[in-house]
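The values are calculated or read from the model by the stated rules, or taken from the named source; none is laboratory data. Everything numeric here is computed off the predicted structure, so don't read it as measured data. Because the Cβ atoms are built from the backbone with ideal geometry, glycine has one as well, and the counts that use them run over all protein chains shown.
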Amino acid sequence: MVQRVGFVGVGIMGEGMAANLLKAGFQVTVAAHRNREPVERLLAAGAREADSIAAVARDAEVVVTCVPNDAVVEEVLLGEGGVAEGAPQELIVVDTSTISPLTSQRLAGALAERGITMLDAPISGGQAGAAAGTLAIMVGGPREAFEQVRAVLDAMGKSITYVGDNGSALAVKLVNNLIVASTLVAVSEGFTMAAKAGVDPAVIQQVLAGATARSYVVQDKVPNSILKGNLQPGFKLELMHKDMGLALDFGKALKVPMFDTALVHQLFTQALGMGKGDLDCIAVSELYTEATGVSLKAREA
């Protein structure tokens with residue numbers, strides 16, 4: 001039974017995930033992070049800190065990674081001082097980052113040559129889900145490895161689904177994010193139109209939450225963000241932009257037409273170019289509000 005878990009990437013999502021591993025009784029070792037605050041909080045909760053990623057892997061049975069993009073995942077796993085350099089035989093890597101399925105498959109093959117098993121285990125649920133331990137986690141890779149790390153996954157998430165071979169979970173995660181991104185754009189456009197017509201955005205949300213347009217974006221995201229004028233990132237716009245690019249590239253590799261994703265990606269590209277990358281992904285709504293002079297904040301009663 002797994003006891004020792006290494007964790008690389010204790011940022012917006014990773015901190016809550018690592019904290020829940022500690023609460024579940026795992027021995028957690030974290031790597032140094034550019035932001036010391038989450039590291040210090042985890043150390044206060046009982047985590048240990050290693051001076052390198054290789055050292056994190058050396059003392060672990062499982063290493064969880066949660067980092068921003070393909071290049072960083074590759075550097076963490078195969079780079080100098082990385083996981084592969086310190087890993088014992090039979091280590092299992094659980095990569096929760098959202099990267100290209102093709103990159104993940106290539107890295108899994110490179111690690112397998114060194115006796116390391118890799119699972120792609122992308123996550124959904126945002127910062128709140130990471131903190132609450134209620135993430136949806138999709139998993140691709142060898143089934144036996146999935147079963148070995150099931151308790152680790154259960155400590156971080158509520159909905160755990162084995163999808164299939166390496167890369168398959170990432171394919172599903174890209175589907176999730178392209179649908180969410182498309183919904184963000186549709187909500188931004190529709191709310192702006194109705195608000196321009198004089199309807200209180202809070203009323204728009206109330207109606208849609210009980211109608212056929214109800215969704216995570218309408219029911220959860222909107223009330224906690226644009227209705228309050230709050231664009232603090234739960235999931236940064238720049239990361240959603242990155243994921244749309246991954247979906248486009250993957251669709252192209254599979255020769256699947258991606259008409260909607262291409263348009264949505266362009267809108268997120270425009271928002272990124274306007275300096276909104278560090279805001280929450282729903283800041284794409286400002287393309288509409290700034291063009292029309294409309295506010296999507298709830299009106300005071």
Taking the stretch 126-149 as the region of interest, how many residues are under 19 Å from the mean Cα position of the chain (by Cα) and more than 14 Å from GLU15 (Cβ to Cβ)?
-> 7
Name the single residue, out of those in the stretch 1-34 being among the β-branched types (Val, Ile, Thr) and in contact (Cβ under 8 Å) with a residue 60 or more places away in the chain, that is farthest from VAL56 (Cα to Cα).
-> ILE12
Counting just the residues of the stretch 226-243 that are of a type in the set (Lys, Arg) and modelled with pLDDT of 95 or more, which one comes out farthest from ASN177 (Cα to Cα)?
-> LYS228
May I ask you to list the residues in the stretch 216-246 that are among the small types (Gly, Ala, Ser), surrounded by 20 or more Cβ atoms within 10 Å (Cβ to Cβ) and under 27 Å from SER104 (Cβ atoms)?
-> GLY234
Can you name every residue in the stretch 29-72 that is charged (D, E, K, R) and assigned to a loop (DSSP other than H, G, I, E, B)?
-> ARG34, ASP51, ASP59, GLU61
Name the one entry in THR161, THR192, THR183 that is farther than 19 Å from ILE282 by Cα and either touching a residue at least 40 places away in the same chain (Cβ under 8 Å) or touching a helix residue (DSSP H, G or I) at 6+ places or on another chain (Cβ under 9 Å) (or both).
-> THR161
Over 21 Å from the mean Cα position of the chain (by Cα), farther than 21 Å from LEU153 by Cα and surrounded by 16 or more Cβ atoms within 10 Å (Cβ to Cβ): does that describe ALA55?
-> yes
